[in-house]
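Read the structure below first, then the notes.
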Amino acid sequence: MAEETLLTILLENSNEFISGEEMSRRLSISRTAVWKQINKLRSLGYEFEAVSNKGYRILMKPDTLDKLTLTNALNTKIMGSNLEIMMSTVSTQEEARQRAELDAPEGTLIIAEEQTGGKGRMGRKWFSPSGKGIWMSLILRPQQALEYTSQLTLLTGVAVCRAIRKTTKLQVGIKWPNDILLNQRKISGILLESTIEDKVVRYCIAGIGISVNVDSDQYPEEIRDIATSLKIANGAPVDRTMLIAAVLEEFETLYSLYNEEGFVPIASLWEALSVTINHEVVINTAQGRREGIAVGLDPSGALLVDIGMGNVVKVISGDVVLK
Ligand code: BTN
C-alpha cells in the first residue's frame with residue numbers, strides 16, 4: 001500500500017473536513033508540522049477550506065503539466081514534437097532562444113509552470129504565476145525576410161483565439177496586433193521575437209501567454225482592472241493540457257496554410273476574429289498619437305487606420321485603445 005501522507009489523507013476525504021489533530025495522529029507528526037505541510041501545499045497551488053473546530057478540506061489540486069499526458073493529447077506532426085516542461089524559469093523566450101542557437105528544430109516548445117521574469121511587448125512584464133497559466137515559447141524557422149515576421153504574430157493570435165474558442169466556447173476576440181480579449185479585458189498576449197543574420201531570419205520565437213486559471217485576487221494591483229483569465233470568465237478551471245494541444249494544432253494548420261498560400265487567407269481569418277476592425281481607435285505609436293477608424297490589414301500585417309478626409313495611414317507597431 002502506498003505510504004499515507006497528508007495529501008493522500010486530504011484527497012481521500014475530499015468531501016469532509018479532517019482535523020489537524022487527526023492528521024497529526026495518523027502521520028505521527030506535530031500539529032505545527034501539519035500546518036507547515038498545508039502551507040507548503042498551498043504554495044504549490046493546492047487550495048483548502050479551513051474551518052476552526054472542523055479542520056481542513058481540499059478544494060482544488062493544482063493542474064500540473066506533464067510531458068507524457070501532453071504528448072498523448074497532441075495531434076500535431078511538428079509543433080511540440082520536441083518539448084520540454086520546466087517548473088520555473090525567468091522566461092521561456094530566453095530558454096527557447098538558447099535552444100534555437102543550439103540548432104533545436106522548428107516546432108520545439110518550451111513550457112514553464114512559472115516565469116519569474118516573464119516578458120511582455122514593449123518591455124513590459126508578463127505576470128506568470130505558477131500552475132495558473134500557459135507560458136510557452138515555440139521555435140520557428142520561417143524562410144522569409146524580417147519585414148514579414150509581423151504576419152506570424154497575427155497568425156499566432158488567430159491560432160490562440162481559435163483554440164480558446166474551441167476549448168472553452170468563450171467568444172474571445174483579437175485586438176491588433178495580438179492581444180486576445182474577452183469583454184475588453186486581456187486574457188492572452190503574444191510576443192514574437194526574431195533573430196536575423198544578413199537580413200535573413202535565422203529563427204523566430206513565438207511566445208504565448210494565456211491566463212488560464214488565475215484568480216482575480218491574484219493579479220497585481222496595476223493590471224487587476226484590465227486583465228482576466230479563462231477561469232474567471234468560464235466560472236470553472238480550464239484544462240491547460242487540452243488547451244496547449246488545441247493551440248499547437250491550430251498553429252500547425254495555419255502555418256502550413258501560410259506556407260502554401262501566403263498571408264491572404266490568414267489575414268481574412270484574423271479580420272473575422274478581430275475586435276479592432278471597423279472600430280474607432282486611438283493608437284499611441286513611436287511617431288505619436290493617431291485617431292481614426294481601423295479599416296483593415298495591409299499585406300505586411302500593418303493596421304490600416306482611416307484618419308479622415310480620405311487619408312488612410314499604416315500603423316506598424318503601437319498600442320491600440322478601442323474607443
Ligand atoms: C504581451 O505583452 O501581450 C505579450 C506577452 C507574452 C508572454 C509570453 S509568456 C511565454 C513567453 N515568455 C515570456 O517571457 N513572454 C512570452
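Where a number appears in this text, it was derived from the coordinates with a stated rule and is not lab data. Model, not experiment: these values are computed from the prediction. So basically every Cβ, Gly included, is an ideal-geometry build from the backbone, and we count neighbours across all protein chains shown.
Check whether at least one residue in region 161-171 is among the hydroxyl-bearing types (Ser, Thr, Tyr), more than 14 Å from the ligand (Cβ to nearest atom) and farther than 21 Å from residue 84 by Cα, and report yes or no.
Yes: region 161-171 contains one or more residues that are among the hydroxyl-bearing types (Ser, Thr, Tyr), more than 14 Å from the ligand (Cβ to nearest atom) and farther than 21 Å from residue 84 by Cα.
Given (1) within 15 Å of the ligand (Cβ to nearest atom); (2) touching an Asp or Glu at 6+ places or on another chain (Cβ under 7 Å), identify the lone condition not met by residue 63.
All conditions pass for residue 63, except number (1).
Could you list, in sequence order, the residues of region 70-96 that are within 16 Å of the ligand (Cβ to nearest atom) and of a type in the set (Ser, Thr, Tyr)?
Answer for region 70-96, where residues must be within 16 Å of the ligand (Cβ to nearest atom) and of a type in the set (Ser, Thr, Tyr): 88, 89, 91, 92.
Could you give every pair whose Cβ atoms fall below 9 Å, whose first residue belongs to region 292-310 and is closer than 19 Å to residue 262 by Cβ, and whose second residue is acidic (Asp, Glu) and not in a loop (DSSP other than H, G, I, E, B), counting only separations of at least 6 or pairs across chains?
Matching pairs, first to second residue: 296/271; 297/271; 300/147.
Using the structure shown, decide if residue 188 is out of contact with any helix residue (DSSP H, G or I) (no Cβ under 7 Å at 6 or more places or on another chain), within 12 Å of the ligand (Cβ to nearest atom), not in a helix (DSSP H, G or I) and not hydrophobic (A, V, I, L, M, F, W, C).
no
Can you tell which of 266, 277 is over 30 Å from residue 71 (Cα atoms), hydrophobic (A, V, I, L, M, F, W, C) and surrounded by 13 or more Cβ atoms within 10 Å (Cβ to Cβ)?
None of the other options fit; the residue is 277.
Please verify whether residue 149 is more than 25 Å from residue 236 (Cβ to Cβ), among the β-branched types (Val, Ile, Thr), within 11 Å of the ligand (Cβ to nearest atom) and in contact (Cβ under 8 Å) with a residue 24 or more places away in the chain, treating the condition exactly as stated.
Answer is no for this residue.
Every residue in region 40-65 that is closer than 17 Å to residue 129 by Cα and of a type outside the set (A, V, I, L, M, F, W, C), please.
Those that are closer than 17 Å to residue 129 by Cα and of a type outside the set (A, V, I, L, M, F, W, C): 40, 42, 43, 45, 46, 47, 61, 62, 63, 64.
Of these, 241, 228, 285, which one is more than 30 Å from residue 108 (Cα to Cα), touching a Ser or Thr at 6+ places or on another chain (Cβ under 9 Å) and polar (S, T, N, Q)?
Within the list 241, 228, 285, the selection yields 285.
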